[in-house]
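What follows is a set of notes on a single structure, which appears directly below.
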Amino acid sequence: MHRFLDDDDSVINSGNDLWLTTVAGSSVEDEHHQQRTGTGSSRLSAIFLIINAALGAGLLNFPQAFDQAGGIVTAITVQVILLAWIMCALLILAHCSDQTSARTLQDVLEGVYGRPGLIACSSAVALYCFGTCVTFLIIIGDQFDRVLSSLHGLDFCHYWYMNRYFTIALSSSVFILPFCYSKRIDFLKYVSSVGVVAVVYVVILIVCQKYMGNFMPGPVKTGPSHWTDVFLVVPVICFGYQCHVSVIPIYACLRERNLNNFTLCASVAIGVCVAAYTLAGVYGYLTFGAYVTSDILESYSGSDMLVLIGILAIAIKTYTTYPILLFCGREAVSNLWANLLHNSESDVAVMERRRRVTIATIWYILTLVLAVLSPDIGSVIDILGSLAAVFIFVFPGLCLMQSTLHKDPHIILNKDRFAVLAAVLFILLGTFIFGVVFVQAAMRLYNNPPVNVRLCN
């Protein structure tokens, strides 16, 4: 397993070094190879990958979250506070990735906590990514239904070639499956740029509709009805900015892998996400006020061609994000596979390609079947979404704690005392948010069981 690097940059091995030479590989060797050959991701490519991982369909929920939280000022204030923690968490993970020579989030946890950390993190990553992938396919089906109902009529699903079973299966097999077998995540840098452009279009659409459409907004809140309402925007922000699972593989593929370079890429990427989410939230909320729906695009007329293009843009964005999450989930399952089966180092290396193809294929088929047969599983995924707080706060806090204790066991230096305090705050805040989001989602699921509502039945 991975361990911290000593001052001479050598890796302290623990005997069963399965992943140092296989799934994670030698980060130091890869970095030198990328610098010598000029391969790896450029800054621009890394920025697009991070944006595509963080900026997604959660954009559509921000306007309603602004209303639930008590208005624009309250929601933006909470967002700014959480952004400071989110950005620090990204830098902590990158720093610990350098120390442990890790290439995935689960490898970082393995480096600081050994095999138990690897198994716990891999399980959480696999569960979160799998549930999110199912949700993405459901979103694709919903967007197709909206477009076809507008262009053809409400009886569109009675034609097999317009039924959501067929549209989800065919479109995802063409636009998603071919990108699910890449060995490195930077292979997806080209499709990521397409996804970013698609979301930018949706943001522009929301802003323009505020001035072009004839909408009568409902009441606009200037403050929360109750102080606890501010927590209603927290899960949306966590979901929206959760790129921490993907960011370590992205960092590992940087042509010039160093913390300064990563900080620049992450800062630009998060800045773009902040602009997109804030503009969509503010203008979407001002357009409809309290009448805003959970999916802002549902509030616009389906007969408007600009809106239909926006709906298709969200589907395109989903196509480009699914492979990134599958990559992270696939590596997590691969870690569990090799560690739980106690494969030898040579077996892990020889079977890497077969294992990668097998896991990706089974993953895709299972998510497709669940998305087609259980279109309302999104309500259950809300509970899994509480894991976002674990990735953003708890895991980075644990990594910071252990890395600080590794270099200063007695916490003599003041900066290390501050680091330990920050780590404790990360862990406590993440645990609190996880609990609140999980309980809220469970209560909503219990009090309002999912209802199968479709444009065509």
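Every number in this text was worked out from the coordinates using simple rules, so none of it is lab data. Computed from a predicted model, the values in this text were never measured in an experiment. No Cβ is skipped: glycine too gets one built from the backbone with ideal geometry, and neighbour counts run over all protein chains shown.
Quick notes on this structure:
- Sorted ascending by nearby beta carbons within 10 Å, beginning with the fewest, Tyr277, Tyr446, Tyr201, Tyr364 become Tyr446, Tyr201, Tyr364, Tyr277.
- With the helix formula -39500 (n - 2.57) applied to DSSP H stretches of n ≥ 4, the chain reaches a computed 222 nm mean residue ellipticity of -23000 deg cm²/dmol.
- Taking the charge dipole of the chain about its Cα centre, with +1 at Lys and Arg Cβ atoms and -1 at Asp and Glu Cβ atoms, the residue from Tyr201, Gly111, Phe393 reaching farthest to the positive side is Tyr201.
- Two-site label geometry, Leu425 and Ser42: point separation in nm, points 7 Å out along Cα→Cβ: 3.9 nm
- Note on Val220 and Asn447: the model spin-label points, each 7 Å out from Cα along the C-beta direction, lie 2.8 nm apart.
- Near Phe66, once Lys and Arg are set to +1 and Asp and Glu to -1 for all other residues with Cβ below 15 Å from its Cβ, the sum equals -1.
- Relative contact order of the chain, pairs being alpha-carbon contacts under 8 Å that are 6 or more residues apart, as %: 30 percent
- Dipole size of the chain about its Cα centre, with +1 on Lys/Arg Cβ and -1 on Asp/Glu Cβ: approximately 480 debye, rounded to the nearest 20.
- Sequence-separation-based contact order of region 390-437, relative, with Cα cut under 8 Å and 6+ spacing, percent: 55 percent
- The fewest-to-most ranking of Thr132, Thr358 by surrounding Cβ atoms within 10 Å reads Thr358, Thr132.
- Stretchable slack from Leu405 to Ser374, in nm (0.36 nm times residue separation minus alpha-carbon distance): 6.5 nm
- Potential extension, Phe187-Leu340 segment - 0.36 nm per residue separation minus Cα distance: 52.2 nm
- Projected label distance in nm at Val197 and Met87, using a 7 Å step from Cα toward the beta-carbon: 2.9 nm
- Based on C-alpha pairs under 8 angstrom that are at least 6 apart in sequence, region 175-307 has a relative contact order of 44 percent.
- The spacing between region 237-290 and region 138-157, judged by their C-alpha centroids, is 30 Å.
- Correct choice for semi-axes √(5λ) of the Cα gyration tensor in Å that was computed from the model, options (1) 91, 36, 22; (2) 32, 29, 23; (3) 37, 26, 20: (3)
- Protection proxy ranking, peptides 223-235, 89-101, average beta carbon neighbours within 10 Å, highest first: 89-101, 223-235
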